Every structure is written in structure tokens, then in C-alpha cells.
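What follows draws every value from the coordinates through simple rules; no lab data is involved. Please read all numbers here as calculations on a predicted model, not as lab measurements. With ideal geometry, Cβ positions are generated from the backbone for all residues, glycine too; neighbour counts draw on all protein chains shown.
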Amino acid sequence: MAKLKSSARAKNAAPKTSDLQDKAEQFKRSISGSAQHIWMAGVGAFNRAQEEGTKLFEALVKEGMNIESKTRKLATGKVDAVRDAVEERVGQVRGRAADTWDRLEKVFEERVQRALTRLGVPGREEIAALIDRVDQLNRELRKLSGAPAKADAPAKKAPAKKPAAKKAGPKKAASKKATK
């Protein structure tokens, strides 16, 4: 019986080794096939990504252009609104500055006029009246001295002689004051 057990063991041991080798060979083929399938799936995925990636890229570029045009329109509208608001504000400030400047100019002119009046400097009206008075006196002198009346006419037409009359007026007034 001992022989039977050992021969049975030998028979059972031999098929186990060949079975293991067969299983290892099948496992090797299975792994090799799976690796080959994974490789092919990767190549297919890469090819699809290239094809669809180009389409996706073009679609994204088109969408980006649409978004950019919408953004530009929106930004342009906002810029125009801000520009209008700034121009309106500048107009208001400019108007206020002009009003302030006019008031300041008027105050300055009034103060200068008061200072000139205090100092005894004659104004425009007083100088014009003085010139008229000098002209009237010159005419009367000519009448008394018998000078021709034509000499009086060019003196009125020539504006250069009026400043001379202004200078002569104060001198005569000064000489009249000295004689008084």
C-alpha cells in the first residue's frame, strides 16, 4: 500500500507542475494581450484626441472671439458713458471757474478804481471831458487870435493829436494853477 500511495503522489505531483506551467503560460498570454489592448487603446485615444482636439481648439477660438467682441462692445459702452459724465463734469467746473474769474476780475477792477479815485487819478470820463474842454478852449483862442478855422478841422480828424492834447491839458492846467 505504501507503493500505491507514493505512486499516486507522483502522478498527482506531475500534473500539478505541468498545470502550473500551463496556467503561467496562459497568464503570460493574457497579460501580453491585455498590454497590447491597452497600447492599442492608448493609440486610439491619442488619435481621437488629435482629431477632436483640433475641433475643440477651433471651437474654443471661435467662442473666445465671440466673448471678446461682446466684451469690447460692453467696455466701449461703459467708456462712452464715463467719457460723457466726465465731459459734463468738466463743463460744469469750467462754467464755475469762468463765473468765479469774472467775479474776481470785477472785484479787482472795482478795487483798482477805488484806489485810483483815492489817489486823485482821473477816470476815463474825466479825461474825455478834459479833452473836450481843451478843444473848446483851443477853438476860442483861435477865434480870438484870428487863426483860420480850417486848422481846427484836421486836429479833430487826426487821432494822434488827441494824446498831444492830453499832455498839453495838464501843463496848461498846471500853468493856470501857477498863475492863480
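Going from the fewest other Cβ atoms within 10 Å to the most, the residues Arg124, Arg94 appear in the order Arg124, Arg94.
For the pair Ile38 and Leu56, label points projected 7 Å from Cα toward Cβ lie 2.3 nm apart. A Förster radius of 35 Å combined with the Cβ-Cβ distance from Glu126 to Asp102 puts the calculated FRET efficiency at roughly 0.85.
Rounded to the nearest Hz, the phi-derived 3J(HN,Hα) couplings of segment 90-104 under the Karplus curve 6.51 cos²θ - 1.76 cosθ + 1.60 (θ = phi - 60°) are 5, x, 5, 5, 4, x, 5, 5, 5, 4, 5, 5, 4, 5, 5, where x marks glycine and proline. Here the Karplus relation 6.51 cos²θ - 1.76 cosθ + 1.60, evaluated at θ = phi - 60°, turns the backbone of segment 34-45 into coupling constants of 5, 4, 5, 4, 4, 4, 5, 5, x, 5, x, 5 Hz, with x for every Gly and Pro.
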